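Below is one structure, written out as structure tokens; the observations come after it.
All of the numbers you see were taken from the coordinates with simple rules; none came from a lab. None of the values given here were measured: they were computed from a predicted structure. Please note: Cβ atoms are built from the backbone with ideal geometry, for glycine as well, and neighbour counts cover all protein chains shown.
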């Protein structure tokens, strides 16, 4: 670790081959299955990775390491705050593959705290989304839809009210049930949860993939995001599942 810097170092074990994991992190149409709704990759060292969460939220980074089946890294330009390096390391063994992610370059002072904490929660979530897709839905067609709103409320308060609006209930053994704003009932596994602002739910009852609900501190406000990683028949029915979400977000914002 560089002096005065903080790194994130996370890993996940996946029931998939190293080749399948490499494909998931190195091809644009595979990255969109577990990460951002738009992704493009110009392969090879010296190539580029472009990630977009929507208008005004797009970034392109040069690829600084490209070792198929083993290692991928890109370097992000953060101006005066210095670069960040995102590195994926793949190690296979005993029928499973370990994917390690190292995100380095965060400063040690308080001005980096929100970015460091949100990056840690975000990457922990995305690694679980990647695992879930490779283990459960990798052969199914996919569509990823992202909705975000900036709301002047603390993440814990916002997430609690969102759960209440969805009649969200944990039913035991890592399971949940909820009612979407459009009236559809869903249930399934809690894929990942980190309080106060990270919750990933399996849409098991409709064989539909996953949804990530995130409330992250963003400067002096909170970014409320719901990202739908829809698979199979649910990918074709995205409009139905997303009914009422904009109105729900508006109600949460007005309550601030």
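Put in line by how crowded their Cβ is, counting other Cβ atoms within 10 Å and starting with the fewest, 25, 190 read 190, 25. Note on Cα Rg over 2.2 N^0.38 Å: of the candidates (1) 1.00; (2) 1.23; (3) 1.15, the value calculated from this structure sits at (1).
At a 10 Å Cβ-Cβ cut-off, how would you order 150, 159, fewest neighbours first? Spell out each step's value before the answer.
Details: 150 11, 159 22.
Ordered from fewest to most neighbouring Cβ atoms within 10 Å, 150, 159 come out as 150, 159.
Once the chain from residue 98 to residue 247 is taken as fully extended at 0.36 nm per residue, the excess over their C-alpha distance is 49.6 nm.
Full extension of the chain between residue 167 and residue 7 yields a length gain of 53.9 nm, computed as 0.36 nm times the residue separation minus the alpha carbon distance.
Explain nothing, just the number: relative contact order of the stretch 142-254, from Cα pairs under 8 Å at least 6 residues apart, as a whole percent.
On the way: 228 pairs, mean separation 36.0, N = 113.
Relative CO of the stretch 142-254 lands at 32 percent.
Just to be sure I understand the curve: with the Debye formula and one point per C-alpha of the stretch 5-137, what is log10 I(q)/I(0) at q = 0.09, 0.14, 0.18, 0.20 Å⁻¹? Debye intensities relative to I(0), on a log10 scale: -0.25, -0.62, -1.04, -1.28.
Taking packing as the residue-averaged number of other Cβ atoms within 10 angstrom, the listed peptides 168-176, 197-205, 232-240 run from highest to lowest as 197-205, 232-240, 168-176.
Could you work out the percent of alpha carbon pairs in the stretch 72-172 separated by over 24 Å, rounded to a whole number?
Values: 2381 of 5050 pairs.
Value for the stretch 72-172: 47 percent of Cα pairs lie more than 24 Å apart.
P(r) tail, the stretch 142-254: Cα-Cα pairs separated by more than 18 Å, 46% of all pairs.
Taking 0.36 nm per residue of sequence separation and removing the Cα-Cα distance, the residue 194/residue 78 pair yields an extension gain of 39.1 nm.
Going from the fewest other Cβ atoms within 10 Å to the most, the residues 139, 247 appear in the order 139, 247. Scattering from the stretch 126-170 was approximated by placing one identical point on each alpha carbon and applying the Debye formula without solvent; log10 I(q)/I(0) at 0.20, 0.27, 0.34 1/Å stands at -0.91, -0.96, -1.11.
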